Amino acid sequence: MKALHAHGGTPPGWRFALPAGDAAEGRKVFVSMECYACHQVSGEQFPRDSKTPRGQGPDMTGMGSHHPAEYFAESIMNPNRVIVDGDGYVGADGLSKMPSYADTITVKQLMDLVAYLRSFKASDEHHHSGMTGSMDSGSSMKMK
């Protein structure tokens, strides 16, 4: 334990990894939480009626190829951690329009929802691996 504590409490190179979830169950979470009210997924059919007011969130089509599981999980639990300006995703207060689900989603639901989001593979070979690289024109990013 002494050696572990000497390295800041974690083994050298350790990084949190979200356990794998069930994408089919994640789709059910996407529907029950009415994520489709703000997020499109090409090729998917969702209920037309929603108690959630329509919003403008990123189109999730192909996003599974662009972001690691942990980024999706953080975006769901703490949507203000990384704020991408542009496309109407930010409110007048400078915060994400997406609400936090930290108090309403279970860990199992989070794992399954992330598995569903990660199942949306892009048809191209362009991948984002971290916080570097180009953003869409007119967009900027800040971390809190």
| Residues of the stretch 28-68 being under 16 Å from LYS121 (Cβ atoms) and hydroxyl-bearing (Ser, Thr, Tyr), which ones? | SER42, THR61, SER65
| field | Test: VAL31 is assigned to a loop (DSSP other than H, G, I, E, B), in contact (Cβ under 8 Å) with a residue 12 or more places away in the chain, among the aliphatic types (A, V, I, L, M) and surrounded by 11 or more Cβ atoms within 10 Å (Cβ to Cβ) | value | no
| query | Can you name the residue in the stretch 46-89 that is free of Cβ contacts under 8 Å to residues at least 40 places away in the same chain and of a type in the set (D, E, K, R) and, of all such residues, is surrounded by the most Cβ atoms within 10 Å (Cβ to Cβ)? | reply | GLU74
| field | Positions within the stretch 6-28 being exposed (fewer than 12 other Cβ atoms within 10 Å of the Cβ), modelled with pLDDT of 85 or more and part of a helix (DSSP H, G or I), in sequence order | value | ALA24
| message | Quick check on my filter: what residues within the stretch 74-106 are part of a strand (DSSP E or B) and in contact with a helix residue (DSSP H, G or I) (Cβ under 8 Å, 6 or more places away or on another chain)? | response | VAL82
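The values are calculated or read from the model by the stated rules, or taken from the named source; none is laboratory data. For clarity, every value in this text was computed on a predicted model and none was experimentally measured. Positions of Cβ are backbone-derived with ideal geometry, glycine not excepted, and every protein chain shown enters the neighbour counts.
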